[in-house]
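As structure tokens, the structure follows; a few thoughts come after it.
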Amino acid sequence: MTDQPKRLYLIDGSSYIYRAYFAIRHLSNSKGLATNAIFGFTNMLLKVMREHAPDHLAVVFDARGPSFRKEIYPEYKANRAAMPEDLVPQIPVIKDLVRAFNLPALELEGFEADDIIATLAKKHAAQGLEVTIVSGDKDLMQVVSEQIRMLDTMKDKVYGPAEVAERFGGGPDKVVEVQALAGDSSDNIPGVPGIGEKTAVKLIAEFGTVEELLARFDEVKGKMRDKLREFGEQALLSKRLVTLKDDLDLGIDYDALATGEPDRAALTALFGELEFHKLQQEFFAESRDRNDDYRGVFTEAELDQLIRELEKAPRISFDTETTSLDPLCAELVGISFAVQAGAAWYIPLGHHYLGAPEQLGRELVLERLRPLLEDPRKSKIAQNAKYDLLVLRRAGVEVRGVDFDTMVASYLGNPAAKSHGMDSLAADLLGRRTIAFSEVAGSGKNQISFAEVEVDKAISYAAEDADVTLQLFEKLEPMLKEAEQEKLFHEVEMPLVGILADMEWQGVRVDPQVLGTLSGEMEKKLAALERDIHELAGCSFNIGSPKQIGEVLFEKLKLPRGRKTKTGWSTDVEVLQNLAEEHPIAARILDHRSLAKLKGTYTDALPKLIHPDTGRIHTSFNQTVTATGRLSSSDPNLQNIPIRSEEGRRIREAFIPAEGGVLLAADYSQIELRILAHLADEEMLQESFARGEDIHRRTACEIFGVFPEMVSDEQRRQAKTINFGVLYGMGAFSLAKSLGIDRKKAQSFIDAYFERLPRVADFLEARREEARKNKYVQTLLGRRCAIPEIDSPNQGIRSYAERNAINYPLQGSAADIIKVAMVRVFESLGRAGMKTRMVLQVHDELVFDVPESELEKARELIRREMEEAVKLKVPLDVDIGVGKNWREAH
DNA sequence: CTGTTGTGCAA
DNA sequence: TATTGCACAACAG
């Protein structure tokens, strides 16, 4: 073995923190914590580790208090501004990071990081070690030598004696001399006024040291001589200030600076929290466990063996591989299973490419697995189970017993998180970078179907999915318990998974002819509007482009501008409505825009999404998207089908029941206000709901002090706006804007409201308080949503957080209630053996496809299960409508 | 071809 | 300067 010199790396932590902070101006995580300095610092650390793999290292920080330099010179660093307020909270995180990397960290009271570094560098260099100082600070150049070099990772430069000499005109020993003369404005080191670095280098090159220069100052000519005479003492003081202490008694030897193995779990948690997803991936890219036992199942004997393993295991995880992201088009290509961490199987069923190995038959495998998959008592785990349920249902297997969906569990743990995808969960919770789909199937136009992926590759990809899912379960289950989400998870969210799968499976019938006719009419109207608009403008332009509209209205026609957007002048409804009085073009543009919107988003888009086999639209209900617990709908979004305008309502006529049936729409009346009445325990609201009054009218009575009969339409409208405003935490400004009144007046309405409904005011404050105390708020069923921004120093962010603290419990409790109702209705319909099918959910409304013969029974059942979903201090009223299309059902 | 912006639909 | 979503067309890189 060759005897490599021992190496030591000394990282100037404090200097990097500052440099990173100023180099990266804007970076923060979704919780409002600034992360710019942390990010820069981490990058530096990772770079040093990656490129130098140090075995001995110290990260050195400045100690909190003043250093000894302050004692010799009170003005030292006096001009330094206080640490920026968004940097302060980053410091402890950086120290956590260093700890998680398991690296030695040092700081010493009374001394700066540079002194510690100088001491350690000199000491170890004297012992024959090769020392690298990682810093960008020129002060440290004074300790550079043959054994000590300096590395600036941000500039990617290494400084040895030669590089130092180039800048300071001599060996590293000249550094302090030059700095003593030139001073340093950032540290408030005075030096000699009028002498900068260039002059100082010249003088030192000639005289060697400050002392020598001062002794022979008469050899210097002109004004500089006077300066030197006057400020000589100051130069000597400066020299003391810039000279680093290199003889501190640290009592630290080489062995104490050995680097440890990084704590993967801690790092993962930190990177996750900081939302350093890219770094997370990079760091863990190499750390995939190669010991995983992933096997393909190719023979009946192997299948039997697998099934025996699956039967023995208390819980199994599984995952399907298919040809499409859309489960209703997807063909099954393979299934994977895991029973314990690190071991998983993949059964290829439908890989077909030239030279593909012999695979077991699909029918055979599914028949053998059917008893297990359909057994409700066999506990199963899956990631995004809804997808697998649908794929297998399409393949003829009704999977039961899926009692843990890792995606849903992760969502309950943090509903505000951006992604609950397996890759990010594996990274965040397991510190593991999983094989990306694109790595086995390619991406973009090169992407191939999973059926064409080589079986060997498919095994490592698919088996990993089942394995990781099982490992995620092991992490997530205790987390759910910790967060007290178990009941909500097992009694509401998990039952809902299968129900949503069923709703997507059913889909809703849509008549393409209705949409086609509508589209044709719109086409004509749009063409006419376009002609008018171009004529009024005197030129032809793209009405769909806000930018071009801006050019025409504000530059060509010289109409008054309204608000600005990031890229130009706003042309939104509000602006155009104001412009309508100035010029007839504005109203036409508005008409054109809303019609084009309806046509593009609905009448033209929906027919394309009608499934060719079923004649129905199968939307996707997403259970892990919203921060509040609501569902969302996509591909297409059926939760925003128009209803307000006449044109819009006609789109609803295209949504129709199955042959021989009707559509039944059941919606909760004023559910969020009822929840407010319940949670705030506000008697006036409770009494009003108990009596079945018009709540907005009643609110108007209270705040305007008039009798119910005397409430004008205008007053009711205003009360309604206030009622909704309360749910969203609205202020006087926005109320004024939406009512078109002045702020004072709006404030007086709000005052009157809280005067008459004091418990509501208490409730709102209690929610803000709760958020400040716990950093989260809760719904009726204990669903939690974190609101870390509640402590943000930024007023805008904090106000936003406070509004969320009010809105989440109300919107979220409504979501809880309708989810419970969905489970109750679904199960009740099943027990009754009815053919009525739940097909849509629109936040406070459920839509059913009902055979005509079952109508009355269904109506009663649905009403009962919805109204009795939870018991509140106010009744839950459900309005039910029935019709031959969705519009009529309202 | 992909991500962002402005806009607008729903509860 | 009112909450939560999704999707479209235009546009920038």
Any chance A:S410 is away from DNA strand B (no atom under 16 Å from the Cβ), under 28 Å from A:S813 (Cβ atoms), of a type outside the set (K, R) and in contact (Cβ under 8 Å) with a residue 12 or more places away in the chain: yes
Any pair with Cβ under 8 angstrom, 6 or more apart, that starts in region A:790-810 at a residue that is assigned to a loop (DSSP other than H, G, I, E, B) and ends at one that is within 10 Å of DNA strand C (Cβ to nearest atom) and among the aliphatic types (A, V, I, L, M): A:S792/A:A801
Selected residue [crowded, with 22+ Cβ neighbours inside 10 Å, in contact (Cβ under 8 Å) with a residue 24 or more places away in the chain and under 37 Å from the mean Cα position of the chain (by Cα)] from A:A719, A:A680: A:A680
Whichever residue in region A:34-75 is among the charged types (D, E, K, R) and modelled with pLDDT under 80 and, among such residues, is nearest to A:K245 (Cα to Cα): A:R69
Qualifying strands (runs of 3 or more DSSP E) (wholly inside region A:56-154; at least 3 residues being closer than 19 Å to A:T259 by Cα): A:57-60, A:130-134
Filtered residue count, region A:413-433, keeping only those that are within 25 Å of A:A627 (Cβ to Cβ) and either outside the structural domain of A:D467 (by TED's automatic domain parsing) or in contact (Cβ under 8 Å) with a residue 60 or more places away in the chain (or both): 11
Of all residues in region A:155-183 being among the charged types (D, E, K, R) and assigned to a loop (DSSP other than H, G, I, E, B), the one that is nearest to A:K239 (Cα to Cα): A:D173
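Okay, residues lined up against (1) surrounded by 17 or more Cβ atoms within 10 Å (Cβ to Cβ); (2) modelled with pLDDT of 80 or more; (3) farther than 30 Å from A:D96 by Cβ; (4) of a type in the set (F, W, Y):
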| residue | (1), (2), (3), (4) |
| --- | --- |
| A:G222 | no, no, yes, no |
| A:E233 | no, no, yes, no |
| A:L236 | no, no, yes, no |
| A:L241 | yes, yes, yes, no |
| A:T259 | yes, yes, no, no |
When residues of region A:133-177 are limited to those that are touching a residue at least 24 places away in the same chain (Cβ under 8 Å) and either touching a Phe, Trp or Tyr at 6+ places or on another chain (Cβ under 7 Å) or of a type in the set (F, W, Y) (or both), the one farthest from A:D115 (Cα to Cα): A:F168
Filter result (within 16 Å of DNA strand C (Cβ to nearest atom) and of a type in the set (A, V, I, L, M, F, W, C)) within region A:656-686: A:I671, A:L673, A:I675, A:L676
Single residue of A:A605, A:A528, A:A580 found to be under 30 Å from A:K819 (Cβ atoms) and more than 10 Å from DNA strand B (Cβ to nearest atom): A:A605
Residue check for A:I585: among the β-branched types (V, I, T), touching a residue at least 12 places away in the same chain (Cβ under 8 Å), more than 13 Å from DNA strand C (Cβ to nearest atom) and over 30 Å from A:F848 (Cβ atoms): yes
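Quick check on A:S645: is it of a type in the set (S, T, Y), surrounded by fewer than 16 Cβ atoms within 10 Å (Cβ to Cβ), assigned by TED's automatic domain parsing to the domain that holds A:Q513 and in contact (Cβ under 8 Å) with a residue 40 or more places away in the chain? Give the steps one after another, and end with the answer.
Working: of a type in the set (S, T, Y): yes; surrounded by fewer than 16 Cβ atoms within 10 Å (Cβ to Cβ): yes; assigned by TED's automatic domain parsing to the domain that holds A:Q513: no; in contact (Cβ under 8 Å) with a residue 40 or more places away in the chain: yes.
Here the answer is no, as A:S645 does not meet what is asked.
Collect the residues in region A:452-480 that are of a type in the set (A, V, I, L, M) and under 22 Å from the mean Cα position of the chain (by Cα), keeping them in residue-number order.
From region A:452-480, those of a type in the set (A, V, I, L, M) are A:453, A:455, A:458-459, A:462-463, A:466, A:468, A:470, A:472, A:476, A:479-480; that's our starting set.
Answer for region A:452-480, where residues must be of a type in the set (A, V, I, L, M) and under 22 Å from the mean Cα position of the chain (by Cα): A:V468, A:L472, A:L476, A:M479, A:L480.
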Residue in region A:604-623 that is in contact with a helix residue (DSSP H, G or I) (Cβ under 8 Å, 6 or more places away or on another chain), crowded, with 20+ Cβ neighbours inside 10 Å and assigned to a helix (DSSP H, G or I) present: yes
Residue among A:G705, A:G692 that is surrounded by fewer than 19 Cβ atoms within 10 Å (Cβ to Cβ), over 32 Å from the mean Cα position of the chain (by Cα) and within 21 Å of A:L810 (Cα to Cα): A:G692
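The values are calculated or read from the model by the stated rules, or taken from the named source; none is laboratory data. Worth saying up front: this structure is predicted, and the values here are computed from it rather than measured. Ideal geometry is used to build each Cβ from the backbone, glycine not excepted, and the neighbour counts take in all protein chains shown.
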